[in-house]
1. With no solvent and one point per C-alpha, what does the Debye sum give as log10 I(q)/I(0) for region A:1-49 at q = 0.16, 0.18, 0.19, 0.21 Å⁻¹?
2. For residue A:233 and residue B:121, what is the calculated FRET efficiency with R₀ set at 30 Å and r taken between the beta-carbons, to the nearest 0.05?
3. Suppose the chain between residue A:254 and residue A:17 were pulled fully straight at 0.36 nm per residue; how much longer would it get relative to their current alpha carbon spacing?
4. Report the Cα-based extents of region A:71-118 along its three principal axes, largest first, to the nearest Å.
5. Relative to the first principal axis of the alpha-carbon coordinates of chain A, what is the inclination of helix A:133-145, with its axis defined by its Cα atoms, in degrees from 0 to 90 and to the nearest 10?
6. For the pair residue A:339 and residue B:100, how long in nm is the line joining their label points, each one 7 Å along Cα→Cβ?
7. When the C-alpha atoms of region A:27-209 are aligned to their principal axes, what extent does each axis show, in angstrom, from largest down?
8. Return the whole-Å distance between the Cα centroid of region B:208-225 and the Cα centroid of region A:64-135.
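Derivation of every value follows stated rules applied to the coordinates shown; laboratory data play no part. All of these numbers come straight from a predicted model, not from anything done at the bench. Because the Cβ atoms are built from the backbone with ideal geometry, glycine has one as well, and the counts that use them run over all protein chains shown.
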């Protein structure tokens, strides 16, 4: 059925917005990969680094139950530590978030023990789109008001094409109140006035280790990664054979709601999807018509197949029309406009219907009026 | 074994002499399974070697057509390489007819058996059956090729294109991808006529068979094993497929990489990044292999297989790309080491 031009425009707009968000998220993951690359492959930085963690939890003593989750933590000898946070662009909540990282005094190790940050502590805050001066002023006003011991360094990261190849370029923002990093080799690189690039050829070596940043994954990105990398690991042996022979499941993959917490562990991934990301992914795929929620059976049913078909009403988009990622996002945009989900989201409280309302204890005699 | 080999040679030459359209086809299958497990996975049963000398197992593959008529082809196992990932199956049908049956047979292995693609350089290795004769003394009787990207166009079938030297030179100059070549190579006592297909088979047609068998059991399979070795040794490291020309000078050429990989049946490909560099994630459902594919310079596709990605799965990707962009050289990338100076001077 042909759609009206207005609806087609809405689908197109929604698709473009979502795809833009998807691409921006991938750039953030590329920047994390670039950091990981220089920590592992630049000799002087590797030598001075005691450890790094891209899923850190930071807090102050007494607030262990509610730790903060920045994008990275780098601890270096003799006494340097860096907390890393990457953003696409300025958001009002950034001030609160960044100052809360500044207030944190220690990080939690895997076994839950707390370790204090080093003497020379620094918060590294990166943006793809650098905030305007007024926002930076507000950020540093609040930072100074809190009398933070750590320095706050704002930097920019962007994709560029250079003679050496496509790269991601890091440069400290030349804002007068911007802080400086402690003087480790890594800190010197960030402080460098010229900035530094890391080519895609290099950071791609560790690019596949990031499926998300520590505290965020875009739902579309989670959906695509889950569909292509995680879904296979839920299959029974019989279903694996169905996919190996026909490229599609004859019996749908069922994931009980109470099993979502068991996310398959993928080898070589530093920052994998968490249960809440999987929920987010499945809800996105549900809106895209690739997953059904069977509320009574309390299962998600996944119609896994090697290829994803577009609905007839899907918007025509540019390059890579056959790409699964594009198709999933396109399906999501199309169904979001033409068949938006009306049922309550998973986890929302069921309101008691009149019929199911508890009638109370039954009495052997009619109640007196 | 030598006695049986001679028996096999005599038997096949006699069959060819009786049938002017004879095809005795050797299918090269790459599988991690041992000989017995391989035979078991394909549902092969032990056979009396009198039907096909040397054969130890055989399978009938039956396909029903739309009119419910049954068609059948038999594949025999020739136990030449007991301790190798390479297995040779043999059939007596025309290869173009047997191919469908072969795919049906390999489906039984649930992704544990793949035809070994015979690319450009391996076909070149088949041209000389006898070192006493020059490369160009082999005649190409039929050559099927098609243009590589970014050129466009359909398949070209050349009948009697001439000597092998000129034929392969023209292919290189025109940047064409060879699909199939039927050749007549001079041998000590006459000649041998045979067909080599990129799909993964060598078919004997007529003439002296022994030199062809020597090639199959020697140089060809040795080169096949060597070509798959980087994939066996990859183990999480990047494998770089480097093409002879800068085929990725334009961003639009990423569509060629995407097209080559997305047309793989029973595989899912999602592009994570397409500008400025190319990054896609691919799951091969045939054997569960998972890959990240990157294009970060003008000539190279870099592939990283996750733990457990099989050499056959790598080969599948390699072949699909080679069919579009011509044959790349394959190399495992070493870990780089940089100094801080390199980072600050923009060389990382």
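1. -0.61, -0.67, -0.70, -0.76
2. The computed FRET efficiency comes out at 0.20.
3. Full extension from residue A:254 to residue A:17 adds 82.2 nm.
4. 33, 21, 17
5. Approximately 80 degrees, to the nearest 10.
6. 3.5
7. So the three principal-axis extents are 50, 40, 27 Å.
8. After rounding, the separation between the Cα centres reads 63 Å.
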